[in-house]
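Student: One structure coming up, written as structure tokens, with questions to follow.
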Amino acid sequence: MKIPDPPYISATEAIQKLQEGQVIGVPTETVYGLAARIDDPKAVEKIFSTKERPFFDPLIVHVASAAEAAKHTAEWPTVAQLLAKEFWPGPLTLVLPKAAHINPMITSGLQTVGVRWPKHPLTEEIINGVGVPLAAPSANRFGKTSPTRPEHVLTEFHRQVPVVDGGVCEIGLESTVVEISGKALFILRPGAITMEMIRECLATHKITIPVERKSSLAAPGNVKHHYMPEIPVVLVTEGSRDQADDFLQKTLPIAASQCVVLDLGTDAALAARGLYENFRRLGQSDAKCILIHQRENQTGQLWSAIWDRIGRAASYVI
Ligand code: TXA
Ligand code: MG
């Protein structure tokens, strides 16, 4: 790919490049995405090669209206419409049976497709301008930390991928992924739209479908060794604080003084927004590992998504 100069591009330039079948970085409220138009197989393939991503990991189709999402699914049940109305544009991906025209490369051969309307004015403008939805995984190399600032995307791909500068991502964690099946809703990946929020929305509309957490093999975002920074993360659970020094010395083996502590504080929104940026920053430091101490008051709501990502990024949990 030609090195753009400057590497930051406007929404208008982004629309043109996407129309030509190029892959570019786009901002969303969750993390930056690596986008291509869904109807150009070569462009979609470029996403996988740029990310060094295996083909078994399905991509999310980004739209700018619920009606557009419905066009790319084979079924659009009432519950999908309700969730879309309540939470879109926003950090929620709905997984539904796919429409026949959706390229199997996007869904990794699955019969379902993930659709999401992201909440970012520039990317909404870009999707509308291209006139075709955009497949967009997080704009990081496979298994690595997701980008929450435009400069993260530039660094990740050695300035080879042009990026639309949409500022710092408001949420900082990837969207909640919910599979809608006939009998239940399954949360495949927790995010800023929590299980409680989804249950409350359904209850308001007197819908009694159960909402459950399900970890899916079809979703590599769910496997370990994802979101990993450049140095190991050690998660110290509440009851294990006294054993931490001993563990570090015996297992790694390093002294606690060689580690850097990432204090998440008590505000979940702030902790989420800064998490990946902290992973990147501390990953570049001289420390030998990142220590995260789990505390009693860091539970509920957004914390489930934060601990999910940290659990997957962690090399050790003690
Ligand atoms: O917030 C986000 O969702 C960001 C921004 C850019 O929109 N995107 C993102 O994409 O996180 P990605 O590719 O890094 O993660 C998408 C995950 C896949 O790894 C998979 O776990 C799940 O979404 N997914 C997508 N389509 C699916 C499907 N048909 N069935 C099950 N899981 C699916
Ligand atoms: Mg990702």
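Student: How high is the relative contact order of the chain, in percent, with contacts defined as C-alpha pairs under 8 Å that are six or more residues apart?
Tutor: 20
Student: Further, regarding this structure: For Ser285 and Lys71, FRET efficiency with R0 = 45 Å and r from the beta-carbon atoms, rounded to 0.05?
Tutor: Efficiency, rounded to the nearest 0.05: 0.45.
Student: Under 17 Å from the Cα of Lys144, which lysines turn up, not counting those fewer than eight places away in the same chain?
Tutor: The reachable lysines, counting only those whose Cα sits under 17 Å from Lys144, are Lys51, Lys224.
Student: Give me the three principal axis extents of region 49-114 from the C-alpha atoms, as integers in angstrom, largest value leading.
Tutor: 35, 23, 15
Student: Which shape class, rounded, prolate or oblate, goes with region 235-287 when its Cα gyration tensor gives a ≥ b ≥ c as root eigenvalues, a/c under 1.5 marks rounded, and past that a/b bigger than b/c marks prolate?
Tutor: oblate
Student: Counting only DSSP beta bridges with both residues in region 1-142, tell me the antiparallel percent, nearest 5.
Tutor: DSSP beta bridges in region 1-142 are roughly 80 percent antiparallel.
Student: Continuing with the same structure: What trypsin sites (Lys or Arg not before Pro) does region 1-81 have in DSSP loop regions with at most 14 other beta carbons within 10 Å? Please report the intermediate quantities before stating the final value.
Tutor: Values: sites: Lys2, Lys17, Arg37, Lys42, Lys46, Lys51, Lys71; in loops: Lys2.
Those that pass, being in a loop and sparsely packed, are Lys2.
Student: Using only Cα atoms, tell me the angle between helix 195-204 and the longest principal axis of the chain; keep it within 0 to 90° and round to the nearest 10.
Tutor: In the chain, helix 195-204 runs at an angle near 40 degrees to the longest axis.
Student: Taking a spot 7 Å from the Cα of Ala203 along the direction of its beta carbon, which residues of region 287-309 have an amide N less than 17 Å from it?
Tutor: Residues 300-302 qualify, since their backbone N sits under 17 Å from the label point.
Student: Here is a further query. As an exercise, use a Förster radius of 45 Å and the Cβ-Cβ distance of Phe247 and Glu20 to find the FRET efficiency, rounded to the nearest 0.05.
Tutor: 0.30
Student: Is it possible to state the helix-based mean residue ellipticity at 222 nm for the chain, with each DSSP H run of 4+ residues giving -39500 (n - 2.57), the sum divided by total residues, to the nearest 500 deg cm²/dmol? What is it?
Tutor: Rounded to the nearest 500, the figure is -9000 deg cm²/dmol.
Student: Mean separation of Cα pairs under 8 Å and 6+ residues apart, divided by the residue count of region 175-318: what relative contact order is that in percent?
Tutor: Values: 212 pairs, mean separation 45.8, N = 144.
Here the relative contact order equals 32 percent.
Student: Per the Cauchy relation, a quarter of the hull surface: what is the mean projected area of the convex hull of the alpha carbons in region 20-82, in nm²?
Tutor: About 5.5 nm², averaged over all directions.
Student: Please tell me which of these pairs span more than 30 angstrom C-alpha to C-alpha: Lys214/Lys288; Lys46/Lys119; Lys42/Lys98; Lys42/Lys183; Lys17/Lys119?
Tutor: Listed pairs above 30 Å: Lys214/Lys288; Lys42/Lys183.
Student: Among DSSP beta bridges whose residues both lie in the chain, state the antiparallel percentage, nearest 5.
Tutor: For the chain, the DSSP antiparallel bridge percentage is about 40.
Student: Quick one: plug the Kirkwood hydrodynamic radius of the chain (C-alpha pairs) into Stokes-Einstein at 10 °C, 1.306 mPa s, and report D in µm²/s.
Tutor: In µm²/s, the coefficient is 79.
Student: Starting from the Cα of Gln301, step 7 Å along the direction of its Cβ; do the same at Ser240; then give the gap between the two resulting points in nm.
Tutor: Here the answer is 2.7 nm between the modelled labels.
Student: Among all the aspartates and glutamates, which ones have a C-alpha under 17 Å from Lys250's C-alpha, if same-chain residues fewer than 8 places away are not counted?
Tutor: Asp242
Student: Let me ask something additional. Which value in nm describes the separation of the simple spin-label points at Tyr316 and Gln160, placed 7 Å from the Cα toward the beta carbon?
Tutor: Each label point is offset 7 Å from its Cα along the Cβ direction, giving 3.5 nm.
Student: Which percent of Cα-Cα pairs in region 159-308 sits in each 5 Å bin, short to long?
Tutor: Computed distribution, short to long bins: 2, 8, 14, 16, 18, 15, 11, 8, 5, 2, 1, 0.
Readers should treat all values here as calculations from the given coordinates under stated rules, not as data from a laboratory. Only a predicted model underlies this, so the values are computations on that prediction, with no experimental measurement involved. We place every Cβ from the backbone using ideal geometry, glycine too, and count neighbours over all the protein chains shown.
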